[in-house]
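One structure is given below, encoded as structure tokens.
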Amino acid sequence: MTKHGVVLGPEDAVVPAAAAAARHFSFPPPRTGGDSCRKLAAQVDLGAAVMGSWLDSMKASSPRHRLRAPLTGAADAEHDDWMERHPSALDRFDALAAAAKGKQVAVFLDYDGTLSPIVEDPDRAVMTDEMREAVRGVAARFPTAIVSGRCCDKVFGFVRLAELYYAGSHGMDIRGPTAGPNHHGEEGKSVLCQPASEFLPVIEEAHGALVGRVEASIPGAKVENNKFCLSVHFRCVEEAAWGALFEQVRAVLRDYPDLRLTQGRKVLEVRPMVKWDKGKALEFLLDSLGYAERSDVFPIYIGDDRTDEDAFKVGTHGRPPPPLLRGDRISGA
């Protein structure tokens, strides 16, 4: 069970990751408008120039990893360069433990690639019993939240720990614990924040359009409905078809000006035009915990995806954020 009063002593262990924390923010969040909307509209009409840029970005977000056999030549240099720019948090564990000594720790965890392995079928991204027990142990000592692009129901179905906070749909569906000392009242009252509720009808409609157009025409593509956002997975799509997949997604989104396109690791994310992301979710949770104005709080965020960088950028009590430490090797992904 979560204990909010726990501070870290010299004998305590710290989960390695990038730390981030809270600052003031407005609620409900404003829509993304003005220049951002015009920029998106221009992006949809730029044709080949934008296509090349997105393809380069799609490839860059999917680095090669040394899983079985060592790489050689240019591939080896590419791998080393990527790892230099995205160091493993495990390599700096001692420094993180020293920085957290005597402070109130709060832990925020991505799911896919962090608590579970990256798999071809997103519905089979199951965490091990050992990982579940590790998370349970962390939550018994520190406030702990799962912050995921998945919808809350789906990620809770994978994790199955009622004492945690859950921020699904890239933080657009935040729920508190449904068991333990931090649970108050019936389940309906556990919902803390849903800043994109008004977009649910258009997201549902866009999901149907993407399934009909993308899954039907691109072998290996999968469109996942994560309630407040949509995920177009292309991990099982041949690289030669990535351009066609992007064009199909872009063609569908022309009919939905309230939705925007972002990118993760072999996935295109369709999100509502609202100024909310994992960073805002992190701020909201820290504020809900009463930590926003405290200078003795040491939040720890572990994530492996580009979308987690929204949380990495959040500063701590008016100070700049700590060095970026990616947690992408924790689960062996």
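Is it the case that some residue within segment 108-125 is assigned to a helix (DSSP H, G or I), in contact with a Lys or Arg (Cβ under 7 Å, 6 or more places away or on another chain) and open to solvent by 60 Å² or more (accessible area, probe 1.4 Å)?
Looking through segment 108-125, none of the residues is assigned to a helix (DSSP H, G or I), in contact with a Lys or Arg (Cβ under 7 Å, 6 or more places away or on another chain) and open to solvent by 60 Å² or more (accessible area, probe 1.4 Å).
Residue by residue through segment 126-135, note down the ones that are outside any helix (DSSP H, G or I) and either open to solvent by 50 Å² or more (accessible area, probe 1.4 Å) or hydroxyl-bearing (Ser, Thr, Tyr) (or both).
126, 128 - these are the residues of segment 126-135 that are outside any helix (DSSP H, G or I) and either open to solvent by 50 Å² or more (accessible area, probe 1.4 Å) or hydroxyl-bearing (Ser, Thr, Tyr) (or both).
Scan segment 302-333 residue by residue and report those that are surrounded by 21 or more Cβ atoms within 10 Å (Cβ to Cβ) and either part of a loop (DSSP other than H, G, I, E, B) or at pLDDT 90 or above (or both). Give the steps one after another, and end with the answer.
We begin by selecting, within segment 302-333, every residue surrounded by 21 or more Cβ atoms within 10 Å (Cβ to Cβ); these are 302-305, 307-308, 310-312, 314, 325-328, 330.
303, 304, 305, 314, 325, 327, 328, 330, listed by residue number.
Restrict the check to segment 136-144 and report whether at least one residue is surrounded by 17 or more Cβ atoms within 10 Å (Cβ to Cβ), among the aromatic types (Phe, Trp, Tyr) and either out of contact with any helix residue (DSSP H, G or I) (no Cβ under 8 Å at 6 or more places or on another chain) or on the phi > 0 side of the Ramachandran plot (or both).
Among the residues of segment 136-144, at least one is surrounded by 17 or more Cβ atoms within 10 Å (Cβ to Cβ), among the aromatic types (Phe, Trp, Tyr) and either out of contact with any helix residue (DSSP H, G or I) (no Cβ under 8 Å at 6 or more places or on another chain) or on the phi > 0 side of the Ramachandran plot (or both), which makes the answer yes.
Spot the failing condition for residue 171; the list is (1) at pLDDT 95 or above; (2) open to solvent by less than 10 Å² (accessible area, probe 1.4 Å), and only one is missed.
Residue 171 satisfies all of (1) at pLDDT 95 or above; (2) open to solvent by less than 10 Å² (accessible area, probe 1.4 Å) except (1).
Filtering segment 265-280 down to residues that are in contact with a strand residue (DSSP E or B) (Cβ under 8 Å, 6 or more places away or on another chain) and of a type outside the set (D, E, K, R), which residue is nearest to residue 310 (Cα to Cα)?
274
Within segment 218-239, can you find the residues that are more than 30 Å from residue 167 (Cβ to Cβ) and either modelled with pLDDT under 95 or of a type in the set (Asp, Glu) (or both)?
Scanning segment 218-239 gives 238, 239.
The values are calculated or read from the model by the stated rules, or taken from the named source; none is laboratory data. Remember, it's a predicted structure, so these values are computed and weren't measured experimentally. Heads up, the Cβs are rebuilt from the backbone with ideal geometry, glycines too, and the neighbour counts pull from every protein chain shown. Keep in mind that these areas ignore ligands, DNA and RNA; they rest on the heavy atoms of the full protein, side chains included. Shrake-Rupley method; radii C 1.70, N 1.55, O 1.52, S 1.80 Å.
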